[in-house]
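Structure record follows, encoded as structure tokens.
All of the numbers you see were taken from the coordinates with simple rules; none came from a lab. These numbers were taken from a predicted model, which means no experiment stands behind them. Heads up, the Cβs are rebuilt from the backbone with ideal geometry, glycines too, and the neighbour counts pull from every protein chain shown.
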Amino acid sequence: MKYVRVKFNGQPTWGELSHESVYLLDQAPYEGGQKTGKVLALKDCEVLAPCQPSKIVAVGKNYHDHIKEFDAQIPERPILFIKPSTAIQDPGKPIILPPQTLCSRVDYEGELALVIAKEASHVSAADAAQYILGYTILNDVTARDLQKLDGQWTRAKGFDTFAPVGPVLTDEVDPADLMITTTLNGHVRQQESTAQLIWTIPELLAFITQAMTLLPGDVVTTGTPAGVGPMLATDIVAVTIDGIGTLQNPVMASPYSLD
């Protein structure tokens, strides 16, 4: 199954995607959404992020090559951090840079993400697949200089628009071997298979749910491969994952200033 969220009569609405047609649902799929009988052409839709999370649980340093580019040690266990739900941005909408007086480098980080289907607590790796509604794309945008300055990652990862997600949510892919390709202005910057993840998705869900309950609609994003780098205003960043599609966002200067 493939799902999208779109604007319909001015309201966010879930739908099943089939052959470029969107079959609208009366509520989210993890709430038992049923088809309403209304069908839209995908090309005519404003596509939104395919999630409504209470939180985004993200994983740092989960590819060997990304660890090497920062000259870091392989962690003994997954490194977790939270991005707020307010960081979610829709496909095609701008990533807004913080004022330059606050932050001078903002990086793209293309990642495979998943959306939780039902409440998950103390889930075993063997049972993890039962809790996954589907897979999507997330750009874990990061204010790199603030990450280094603060010594922890909440502010650097948590700005509004710093979690573009989408465009499609699907259970029709094998997450164990998907190619992630990130381009900046059409030039390839990241290209790696999820086969190179240090901790697999079942292992991550088992680890995360030992500590916290994941709720239906929550997002888990799995880490980024090597090749992260800065984005500037007017750039276009795109993350493509086989079988899911392409998440593309323009980059925009902050409309705010710090006096």
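Magnitude of the charge dipole for the chain, about its Cα centre and with charges confined to Cβ atoms of Lys, Arg (+1) and Asp, Glu (-1), is about 460 debye. Going by a ≥ b ≥ c, the root eigenvalues of the Cα gyration tensor, does the chain fall in the rounded group (a/c under 1.5), the prolate group (a/b larger than b/c) or the oblate group? Because a/c hits 1.5 or more and a/b fails to exceed b/c, the chain counts as oblate. Within the chain, DSSP assigns beta bridges of which about 90% are antiparallel (rounded to the nearest 5).
Taking Cα centre as origin and charging only the Cβ of basic (Lys, Arg, +1) and acidic (Asp, Glu, -1) residues, the dipole magnitude of region 8-108 rounds to 200 debye.
Rounded if a/c is under 1.5, else prolate if a/b beats b/c, else oblate: with a ≥ b ≥ c from the C-alpha gyration tensor eigenvalues square-rooted, which is region 1-116? Verdict is prolate for region 1-116.
For the peptides 160-173, 22-35, the ranking by mean Cβ contacts within 10 Å, running from highest to lowest, is 160-173, 22-35. Take 76-85, 218-227 and order them by the average number of nearby Cβ atoms within 10 Å per residue, most first; the result is 218-227, 76-85. Across the cross-link table entries K61/K118; K68/K93; K7/K157; K43/K118; K2/K43, which are compared at the Cα atoms, the separations over 21 Å belong to K61/K118; K68/K93; K7/K157; K43/K118.
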